[in-house]
1. For A:PRO110, place a label point 7 Å from Cα along the Cα-to-Cβ direction in every copy; what are the distances to the other copies, in nm, shortest first?
2. Of A:LEU112, A:LEU181, A:LEU132, which is the most mobile in a GNM of chain A whose springs link Cα atoms less than 10 angstrom apart?
3. Chymotrypsin sites (Phe, Trp or Tyr not before Pro) within region A:266-327: which are DSSP loop residues with at most 10 other Cβ atoms inside 10 Å?
4. Taking a label point 7 Å from Cα toward Cβ, how far is B:LYS288 from its twins in the other copies, in nm, shortest first?
5. Taking R0 as 51 Å, what FRET efficiency do you get between A:LYS3 and B:GLN200 from their Cβ-Cβ distance, rounded to the nearest 0.05?
6. May I ask which of A:LYS139/B:LYS280; A:LYS288/A:LYS320; A:LYS101/B:LYS208; A:LYS164/A:LYS324; B:LYS101/B:LYS293; B:LYS3/B:LYS320 have a Cα-Cα span longer than 23 Å here?
7. Shortest first and in nm to one decimal, what separations exist between A:GLU62 and its copies in the other chains, measuring from label points 7 Å along the Cα-to-beta-carbon line?
8. For chain A, set up a GNM with springs between Cα atoms under 10 Å and report which of A:ALA260, A:ALA305, A:ALA178 has the largest fluctuation.
Protein chains: 2
Amino acid sequence: MPKSREIHLVQRPDGAPRPENFALVERDVGDAADGEVLVQNLYMSVDPAMRPRLTAGQALDEAMMGGALGRVVQSKHEGFAVGDLVSNRLGFREYFTSDGKGLSKLTPDPELPLSVHMHALGGTGFTAYGGLLHIGQIKDGEQVFVSTAGGAVGSVAAQIAKLKGCYVVGSTGSDDKAAWLRDEVGLDAVINYKTQPIRQALEEATPKGLDVYFDNVGGDHLEAALRRMNTLGRIPVCGFISGYNSGHSNVSNLSNIIYARVTLRGFVAPDFMHLWDDFKRDMAGWLKAGKIKYQETVMEGVAAAPAALIALMAGENSGKMLVKLAD
Amino acid sequence: MPKSREIHLVQRPDGAPRPENFALVERDVGDAADGEVLVQNLYMSVDPAMRPRLTAGQALDEAMMGGALGRVVQSKHEGFAVGDLVSNRLGFREYFTSDGKGLSKLTPDPELPLSVHMHALGGTGFTAYGGLLHIGQIKDGEQVFVSTAGGAVGSVAAQIAKLKGCYVVGSTGSDDKAAWLRDEVGLDAVINYKTQPIRQALEEATPKGLDVYFDNVGGDHLEAALRRMNTLGRIPVCGFISGYNSGHSNVSNLSNIIYARVTLRGFVAPDFMHLWDDFKRDMAGWLKAGKIKYQETVMEGVAAAPAALIALMAGENSGKMLVKLAD
């Protein structure tokens, strides 16, 4: 009978998450019963959207939910064989048993690293793809701003916009990430919002205004973008990381959406699942052709998961934050 | 040669507009030259959207722009005859000459009062119609909230929603207007935001949440509505009167649009001009059938125009605020 180590939320953070909000708990996991599989997680995803769930949504004293990729190690379920790879929402734990609900089989692309299915070719890449093309209705050659452009979603959104022939400005929080975006990714302008005032820097970087702002931040970034929106501009709102720790994020100039007739639209990836096959085909092609670049920050072992989430919220990752649990 | 009295903006208001921001100026208006008409304004429209233009947009020491309905009193233009009624943007003055640009001929509906063409059957009614049906994509039987429901746009929006079989909550700023909305218009719930806390009152009035919020206010009304939005809800943003005097209007919980996947969309009526004929047909029918009720607050003479605008911004009007200049 395998033992699983898992991360429990034991205390809701007041502000930024801290190590004492979490506990590492070891428990016995039963073998697979009839109709069940036993899954070993290989990678778990660490995402900004986890932060609001620490305040409300994630139960206390239970293993945290989160995206993960696992391998079936025992099967008494006719739909799964030992060795199958399964995407699941039961991250932050090493092993679990399941009746198969909530598991989806993944056929990895043999020409690409497995971990890519956790970001550019997985949920975060799909969020960027649908958010920009479907929610943002981006058109060739438009003026585009992407915040957290060094992150897992932002970096893909910025590059899809470049592939559409757009002028793309990205914001990020370190000189290293800014250099990667400028020199490797080839964005037209990059703002380090920790060293440059975002409002003034964005004004200087967008002489033709903005048609689309892909928002992962809210707050001061959204205010700065609202000042620059062109007529009939669109703001797909993917995240509001500026408010995740405090619970609020003030925006003082929302009235600008009237004069420029701007559409702000909140979204989550399930809103455009009909694009999934298009996404997989397009993104696999772009990745193999080297047209979409990515970075990963990989920490090792389930015990590192709280530190990974804390680092992510502090912007210390480059690209996708992953915890690797097993080969 | 007729003399025209007109209202100039002489000083930009700091906060609410005050009488000393305006001056009444008399000047000679030339007779119509070849290719011109001389127009006498009969009614001028006083609208909340004028307030932002006092801060930026309206030139100082010139007659203020604004919607008006006039009659051609001299014509040397082949497209216009003496007696033609013309909608124009040259309000806040008694007479003007024009080469015809920016004038559109109005054929009044003989079964309806002329003034109705200045509101329910004119620009404000059209703003409500397109804002709700086209921008708000309202569906039969939805849960709807309309702010400034006693105003020219809001009262029409609220009644169109009722005609679509929706559950409709309105907010207004006086007990008189609240009584009219409840007893004459038949809204399902009415909030007097000056005597009831909007957040709590809206929560109590919307047990099934909100699918559409027709926003004329921004600020605390928008915050209250964002807390109540159902999944895939829509917020057509017509005005932000809460911020017009101060120049800003804070919204602290905009991140709610992500979880409920809400669309906020700023608009102006020219965005849906293709609906104009449908609007005229539908609205004339509704008005004649008594299905759309309206109120007017009419002040007399161009000298009263500043007081009318000041009263409008203080919410002292009921329904459409008009200044009548001539019969």
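1. 8.4
2. Comparing A:LEU112, A:LEU181, A:LEU132 in a Gaussian network model of chain A, the most mobile one is A:LEU112.
3. On the way: sites: A:PHE267, A:PHE272, A:TRP276, A:PHE279, A:TRP286, A:TYR294; in loops: A:PHE267, A:TYR294.
Counting only loop positions with at most 10 other Cβ atoms within 10 Å, none of the chymotrypsin sites (Phe, Trp or Tyr not before Pro) in region A:266-327 qualifies.
4. Copy-to-copy label distances at B:LYS288, shortest first: 6.6 nm.
5. Details: r = 50 Å, r/R0 = 0.98.
That pair, A:LYS3 with B:GLN200, gives E of 0.50.
6. Working: A:LYS139/B:LYS280 34 Å; A:LYS288/A:LYS320 18 Å; A:LYS101/B:LYS208 30 Å; A:LYS164/A:LYS324 33 Å; B:LYS101/B:LYS293 33 Å; B:LYS3/B:LYS320 28 Å.
Check vs 23 Å cut-off fails for A:LYS139/B:LYS280; A:LYS101/B:LYS208; A:LYS164/A:LYS324; B:LYS101/B:LYS293; B:LYS3/B:LYS320.
7. When each copy's label point is compared with this one, the spacings are 6.5 nm.
8. Checking each option, the largest mean-square fluctuation is seen for A:ALA260.
A short reminder: the numbers here are calculations on the coordinates, not readings from a lab. If you're wondering where the values come from, they're calculated on a predicted model, not measured in any experiment. Neighbour counts are summed over all protein chains in view; Cβ atoms, including those assigned to glycine, are modelled from backbone coordinates with ideal geometry.
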